[in-house]
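What follows is calculated from the coordinates using simple rules that are stated; it is not laboratory data. Owing to the predicted nature of the structure, the values given are computational and were not obtained by experimental measurement. When we count neighbours, we look across all protein chains shown, and the Cβ atoms used for this are built from the backbone with ideal geometry, even at glycine.
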Amino acid sequence: MIEVKLPHTYFEDLGESVRLIWRDTLYAEFEKSELIQVIKRKYRVKPEVTARDGALIIDTDYSDVEKYIAIYIQNNLGALLRNRYTNRKVLYIHEGMDVPLLGYNAFGLIDRGTNLIQIRGVSGCNLSCIFCSVDEGPYSRTRKLDYVVDIDYLIKWFDDVAQIKGKGLEAHLDGQGEPLLYPFRVELVQALREHPNVRVISMQSNGTLLNDRLVEELAEAGLDRVNLSLHSLDPEKAKMLMGRKDYDLQHVLDMAEALVNAGVDVLIAPVIIFGINDNEAEAFIEFARRIGAGKRWPALGFQNYIPYKFGRNPTIAKLVPFKKFYEWLRELEQKTGMKPLVLKPHHFGMEKREFIPLAFRPGEVVRAEVVLPGRIQGEMLAKARNRLIEVINTDAEVGDRIKIKIVRTRHGIYIATPI
Ligand SMILES: C[S@@+](CC[C@H](N)C(=O)[O-])C[C@H]1O[C@@H](n2cnc3c(N)ncnc32)[C@H](O)[C@@H]1O
Ligand code: SF4
């Protein structure tokens with residue numbers, strides 16, 4: 001009997017197949033008959049294959065089957081990877097693919113002309129908030145695919161960006177999805193902490209995937225702040241807003257407290273939908289006070305609900321102009337004594353910094369190579385001048401060389417149409 005164990009991996013037996021779960025978020029399924037066939041080709045035996053206690057068990061005495069099958073699994077993993085939370089296919093972006101990590105908003109890095117750099121190692125989310133600006137989660141109707149960026153490759157690009165942007169940076173882990181899905185989240189925080197140009201490491205998260213151990217690990221690795229998306233303190237309303245019956249509000253509240261106790265500052269960040277949860281504003285403030293949120297930065301970051309073209313826009317959501325939203329916040333400041341609620345960049349030590357120079361001008365026609373499928377129907381990702389470009393309304397395929405017209409360059413996110 002041989003036991004195959006791989007690092008950060010456990011195997012589950014599904015009857016006809018075995019499921020390999022890698023670093024919590026990713027999985028791949030291998031048919032048992034396929035694994036048996038692979039063994040038979042080399043060893044001329046057909047051993048039984050099962051999974052038990054996280055290991056793959058092969059009923060044979062050949063000692064090197066273990067190594068052989070481990071290599072086979074690793075070689076075939078890339079093509080089979082899926083996101084455990086969304087069930088979507090995952091493209092694993094690594095150095096060998098030579099895909100630029102600037103230019104696209106679903107993965108990589110984003111520079112919006114300040115000392116804050118957004119870092120997106122993963123796409124996909126475990127929740128399905130009814131107002132989600134990026135229509136994320138397992139019930140998404142628009143997102144077809146997820147990406148995971150290899151940690152070494154992400155850090156390599158971050159380093160290049162940090163050289164240009166200079167010292168005193170805030171590295172902000174966020175995403176079109178939930179950054180805690182990133183399989184290398186703790187290592188990423190650790191690597192950023194060691195970077196000489198990084199001052200602050202923060203994360204935007206729904207908090208559901210935290211547990212006591214992960215909180216400790218993230219704190220130890222050097223995470224400074226979590227902007228925690230918490231939209232109701234009523235368990236039933238929270239389930240409705242987060243789009244999941246299994247949303248465990250109490251767990252998220254406990255984790256908020258655990259973060260503060262571990263020395264990670266918390267900023268409570270509710271999305272306010274007037275008529276739905278604006279009446280909870282004082283309760284959010286009270287909760288933030290009680291747990292000791294806002295030690296180095298503001299304790300609350302109320303967000304006004306905004307409809308997005310590719311987001312979920314519930315009909316119950318009433319829009320409130322920003323002028324009115326800020327008036328509402330000022331009244332709350334007066335009433336509760338909690339300040340600041342109207343947040344300004346300086347509250348976060350944010351300052352303007354020169355943009356990384358744009359690689360394209362709007363209207364420019366460029367020849368580019370299609371390198372990856374996009375997340376949305378009709379969208380492909382192309383590269384030119386060491387930048388990624390989202391090409392919309394295209395039927396091009398990976399490998400094609402196409403002529404495109406750049407239609408948008410805002411904040412170094414490039415969108416183009418075929419010509
Ligand atoms: C898209 S989420 C990604 C990070 C993480 N999944 C989370 O929810 O914190 C980023 C932030 O945008 C907020 N948000 C989502 N949809 C929104 C909308 N339609 N209007 C305003 N804020 C929104 C979320 O609550 C969250 O604070
Ligand atoms: S708002 Fe955040 S937590 Fe909610 S579905 Fe979107 S990405 Fe997920």
Unit Cα scatterers, Debye sum, the stretch 74-145: log10 I(q)/I(0) for q = 0.12, 0.24 Å⁻¹: -0.41, -1.17
Karplus (6.51, -1.76, 1.60) ³J(HN,Hα), θ = phi - 60°, over the stretch 368-380, in Hz, Gly and Pro reported as x: 9, 9, 6, 10, 8, x, x, 8, 10, 3, x, 10, 10
Separation between Cα centres of the stretch 222-259 and the stretch 148-208, rounded to whole Å: 23 Å
Relative packing of peptides 106-119, 334-347, 72-85 - highest average C-beta neighbours within 10 Å first: 106-119, 72-85, 334-347
Sequence-distant residues sharing a close amide H with C132 (under 5 Å, placed H): R312
Net +/- balance of residues flanking E3 in space, Cβ distance below 14 Å, scoring K and R +1, D and E -1: -4
Inter-site label distance for L343 and Q250 at 7 Å from Cα along Cβ, in nm: 2.9 nm
Mean Cα-pair separation over length for the chain, i.e. relative contact order, pairs under 8 Å, 6 or more apart, %: 13 percent
Chain lengthening between V365 and R199 when straightened (0.36 nm per residue, less Cα-Cα): 55.9 nm
Interchain or long-range residues, amide H under 5 Å from V266's placed H: V226, G294, K295
All Cα pairs of the stretch 365-418, percent lying beyond 18 Å: 16 percent
Gain upon complete extension [D278, E16; 0.36 nm per residue less C-alpha separation]: 89.3 nm
Hydrodynamic radius (Kirkwood) for the stretch 185-259, which is based on Cα pairs only, to one decimal in Å: 13.3 Å
Convex hull of the stretch 277-419 built on C-alpha atoms - directionally averaged projected area, nm²: 12.1 nm²
Cα-projected label distance for E48 with K295, points at 7 Å along beta-carbon direction, nm: 5.4 nm
In order through the stretch 268-277: 3J(HN,Hα) via Karplus (6.51 cos²θ - 1.76 cosθ + 1.60), integer Hz, x for Gly, Pro: 7, 10, x, 8, 9, 10, 5, x, 10, 9
Modelled FRET efficiency - R0 56 Å, R330 with Y139, Cβ distances, 0.05 increments: 0.90
Efficiency of FRET from Cβ geometry, D61 and F310, R₀ 51 Å, rounded to 0.05: 0.40
Sorted peptide list for 250-257, 56-63, criterion being average Cβ within 10 angstrom, highest first: 250-257, 56-63
Binned Cα-Cα distance frequencies in the stretch 2-80 - 10 Å width, integer %: 19, 60, 20, 1
Ellipticity estimate at 222 nm from DSSP helix runs (n ≥ 4, -39,500 (n - 2.57)) divided over the chain, nearest 500: -8000 deg cm²/dmol
Shape parameters for the stretch 37-185, alpha-carbon atoms, Rg then Dmax in Å: 19.8, 62
Top positive-direction residue, dipole computed over the stretch 90-348 with Cβ charges, set L116, N105, T315: T315
Per-residue HN-Hα couplings for the stretch 133-150 [Karplus 6.51, -1.76, 1.60; θ = phi - 60°; Hz; x = Gly/Pro]: 5, 10, 6, 8, x, x, 9, 4, 9, 10, 8, 9, 8, 10, 10, 10, 9, 4
Charge dipole (the chain, unit charges on Cβ, about Cα centre) - positive-most of T50, Q250, L267: L267
Eligible lysines near K156 by straight Cα distance, threshold 19 Å, same-chain separation 8 or greater: K165, K167, K383
Cysteines without a disulfide-compatible partner [the chain; Cβ-Cβ under 4.7 Å]: C125
Stretch gain in nm, segment E29-K89, where the contour uses 0.36 nm per residue and the Cα spacing is subtracted: 20.4 nm
Over the chain: Kirkwood hydrodynamic radius from C-alpha pairwise inverse distances, Å: 23.3 Å
Inter-part distance where the stretch 295-337 and the stretch 101-127 are each reduced to a Cα centre, Å: 23 Å
